[in-house]
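Note sheet for the following structure.
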Amino acid sequence: MAILTPERIADQLRQLPGWEFKDNAICKLYRFKEFMQGIRFIDRIAELADAMDHHPDIHVNYTRVTFTCSTHSEGGVTDKDLRLATTIEQEFSAASR
């Protein structure tokens, strides 16, 4: 799988509000009202990511959860990362309803 150009990444991120390209990865910080809401969200994303065989880096800071996606085997951002970010975004939108 090919690494995407910064221009292609920027173009794709226009469809993913709040996602940023930095340090050779795409990432987004999500905020929750309570700690356990974030943990339950992580559990849901972990199941989906595992099914996709593509796993984000996850950082938890109380009610803030940051997902960072990069295809480590390729050394940068690929279509797999954008698909995973889209899945995370869709799940967050669904959980927020």
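Might you let me know whether the stretch 51-60 holds any residue that is under 13 Å from F92 (Cα atoms) and at pLDDT 95 or above?
The initial filter retains those residues of the stretch 51-60 that are under 13 Å from F92 (Cα atoms), namely none.
So far as the stretch 51-60 goes, no, none of its residues is under 13 Å from F92 (Cα atoms) and at pLDDT 95 or above.
Does the stretch 73-97 hold any residues that are over 27 Å from E7 (Cβ atoms) and more than 12 Å from the chain's Cα centre (by Cα), and which are they?
Filtering the stretch 73-97 for residues over 27 Å from E7 (Cβ atoms) gives 91, 94-97.
A94, A95, S96, R97 - these are the residues of the stretch 73-97 that are over 27 Å from E7 (Cβ atoms) and more than 12 Å from the chain's Cα centre (by Cα).
If the condition is being surrounded by 12 or more Cβ atoms within 10 Å (Cβ to Cβ), farther than 17 Å from Q12 by Cα and either without any contact (Cβ under 8 Å) to a residue 12 or more places away in the chain or not acidic (D, E) (or both), then the stretch 78-97 contributes F92, A95. Quick check on the stretch 43-63: of everything there that is in contact with a helix residue (DSSP H, G or I) (Cβ under 8 Å, 6 or more places away or on another chain) and not in a loop (DSSP other than H, G, I, E, B), which residue is farthest from L82 (Cα to Cα)? Per the criteria, the residue is V60.
The residue that is surrounded by the fewest Cβ atoms within 10 Å (Cβ to Cβ), counting only those in the stretch 57-72 that are farther than 23 Å from E7 by Cβ and in contact (Cβ under 8 Å) with a residue 12 or more places away in the chain, is Y62. Annotation: G75 fulfils all but one of (1) within 16 Å of I39 (Cβ to Cβ); (2) surrounded by fewer than 17 Cβ atoms within 10 Å (Cβ to Cβ); (3) touching a residue at least 60 places away in the same chain (Cβ under 8 Å); the unmet one is (1).
Looking only at residues that are without any contact (Cβ under 8 Å) to a residue 40 or more places away in the chain and in contact with a strand residue (DSSP E or B) (Cβ under 6 Å, 6 or more places away or on another chain) in the stretch 21-34, which one is nearest to D81 (Cα to Cα)? Going through the qualifying residues, I end up with L29. Considering the stretch 23-42, and only residues there that are within 13 Å of the chain's Cα centre (by Cα) and part of a strand (DSSP E or B), the residue that is surrounded by the fewest Cβ atoms within 10 Å (Cβ to Cβ) turns out to be L29.
The values are calculated or read from the model by the stated rules, or taken from the named source; none is laboratory data. What you see is a predicted model; the values in this text were computed from it and never measured. Neighbour counts run over all protein chains shown; Cβ positions are idealised from the backbone, glycine included.
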